[in-house]
Structure formats: structure tokens, C-alpha cells
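A.B. asks: Structure incoming, see below.
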Amino acid sequence: MFSFIAQALKYWFGAVIRPRKVFADFKENPDKVSVAFIQNFIFAFLYTITAFLLSISWIVPIIKPWMPIPEADYYFSQIFWTIPWALATWILQGGIAHLISLIGRKDANDLHFEDALAVTGIAWILPGFFLMWIPETLILIPFKILPSGIIETVRLMILAPLWQIVLSAIGLHETHRISWIKGALIGIINVGIYFLMFLAFMR
């Protein structure tokens, strides 16, 4: 278990500087699924902490939830579904990435769903951790800072999606031998999946 955690963190932070090498190493790792699962579980657990901090700070969602849960209790309730939500989002992105990568391919016998899971996990965790979780959990909530709309737009709507798209293109080019353009298109689709899943359940 500790070995898997160490590998998960090594790939997590290594992909910031050398994503292509990380994806190549990840592909050859026989424990890739376990390591990728731990990465996503840790990320989800961190956001569970965020939901807890939001709930005890009596912060209510800016976007009105569609579920019949009082706004004052929403973040407390979110504590219980953040981990299942994150794992489902990760698996959905991995499945979509793998299926689209197979379209039109005749040499697909050595292309594996597990590799797509490894790529899409890192592709959404890195932007989510550095551009979302750290600012929101360690800065915005404790100090009750309300950044300007421009800063939030750049952080959430430009930088994070672009980073996910680039990582998806690099990773799928390495693991599934697809073109950079096709990898970027898959990244765009997965950004859309993330936003839809977020708007459906998270606040």
C-alpha cells in the first residue's frame, strides 16, 4: 500500500514537469490501475475536506443546487458523495478517452483501458489540485477572500481546462498512439464531461 501511495505521488508531481516521461513510465507499470485509483482517491478525499470546511464555515453554494437539499446543509451532504462522484467522473473520462481512441483503428490489440485511466486521472487531477483545490481550500476559505470575476474566469475557465487538454493530448499520444489533435479533442470532451458532472452534483 505504501509503495502504491509513493508511486501515486511520484507520478502526480512528476507530471507537472515531465508529463511525457510520467505517462510512458505509467504505461509500463504493472500496478497502474491501483496507483491511478489511489491518486484519484487522494484527490477526492482532499475535496471531501474542502466540503467539510465549507460546511463548518456556513458557506452556501453560489449556484443554487437542483437537489432537494437545503442550501445551508448542502456542503455537509456533499462530504458523503464527493469520493464516489470523483471516482465515477474519472472512470467515465477514462472510458470516453479509450473508446474514442479506438475509433478507426485496426491495430488496437495493444491499446488498453487501464492506460486511458492513468492518463485521464493525471489530466484532471493536476489542474484540479493546483488551480482549484489549493487556492480554494488553503486561501479562499480560511481567509474568506472573494477574488474578482476575471481571476476566477482565468483560473477555472481558461487555465484549468487548457492544462487538462494538453495533458490528455500528451498522455494519449504516448499510450494510445493517436495524433496530438485527436488527443486534444478528447481532452476537450473530457473537460465538458467534468463540467457536466460538477454542475450536476458539486458546488
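All of the numbers you see were taken from the coordinates with simple rules; none came from a lab. Treat the numbers as computed from the prediction; the structure is a model and nothing was measured. FYI the Cβ positions are ideal-geometry reconstructions off the backbone, even for glycines, and counts take in every protein chain you see.
A.B. asks: Only counting other Cβ atoms within 10 Å, I'd like TRP180, TRP133 sorted with the fewest neighbours first.
C.D. replies: Numbers: TRP180 12, TRP133 17.
Placing the least packed residue first, the sequence is TRP180, TRP133.
A.B. asks: Find which of PHE113, THR48, PRO68 sits farthest along the positive direction of the dipole of the range 2-201, computed with +1 on the beta-carbon of Lys and Arg, -1 on that of Asp and Glu, about the Cα centre.
C.D. replies: PHE113
A.B. asks: Which value, in debye to the nearest 20, describes the size of the charge dipole of the chain about its Cα centre when Lys and Arg Cβ atoms bear +1, Asp and Glu Cβ atoms bear -1, and nothing else is charged?
C.D. replies: Details: 14 positive and 12 negative charges, 72 e Å.
Magnitude of the dipole: close to 340 debye.
A.B. asks: Follow-up question, since we're still on this one. Filter the chain for me: DSSP H helices, axial length by Cα at least 24 angstrom, mean Kyte-Doolittle hydropathy not below 0.5. List them by residue number. Could the numbers behind the result be given before it?
C.D. replies: On the way: long enough: 32-56 (36 Å, 1.68); 74-102 (41 Å, 0.96); 180-201 (31 Å, 1.87).
Both cut-offs are met by 32-56, 74-102, 180-201.
A.B. asks: Roughly what would the spin-label model give for ILE56 and PHE113, points 7 Å off Cα along C-beta, in nm?
C.D. replies: 3.9
A.B. asks: Can you pull the percent of Cα pairs in the range 1-91 with separation above 24 Å?
C.D. replies: So the portion of pairs separated by more than 24 Å is 35 percent.
A.B. asks: Then there is this: Which residue, ILE79, LEU196, PHE23, has the largest displacement toward the positive end of the dipole of the range 2-201 when charges sit on each Cβ (Lys, Arg +1; Asp, Glu -1)?
C.D. replies: Comparing the listed Cα positions along the dipole, PHE23 ranks first.
A.B. asks: What translational diffusion coefficient, to the nearest whole µm²/s, does the range 46-175 have by Stokes-Einstein, given a Kirkwood radius computed over alpha-carbon pairs, a temperature of 20 °C and 1.002 mPa s viscosity? If you can, show how the numbers build up before the last one.
C.D. replies: On the way: Rh = 16.6 Å.
Rounded to a whole number, D works out at 129 µm²/s.
A.B. asks: To the nearest 0.05, how large is the calculated FRET efficiency for LEU140 and ILE5 if R₀ is 30 Å and r is the Cβ-Cβ distance?
C.D. replies: On the way: r = 28 Å, r/R0 = 0.92.
Here the calculated transfer efficiency is 0.60.
A.B. asks: How would you rank ARG155, ARG177, going from fewest to most other Cβ atoms within 10 Å of each one's own Cβ?
C.D. replies: Details: ARG155 16, ARG177 13.
Result, fewest neighbours first: ARG177, ARG155.
A.B. asks: Roughly how many whole Å is it from the C-alpha centroid of the range 131-203 to that of the range 47-85?
C.D. replies: Using only Cα atoms, the two centres lie 20 Å from each other.
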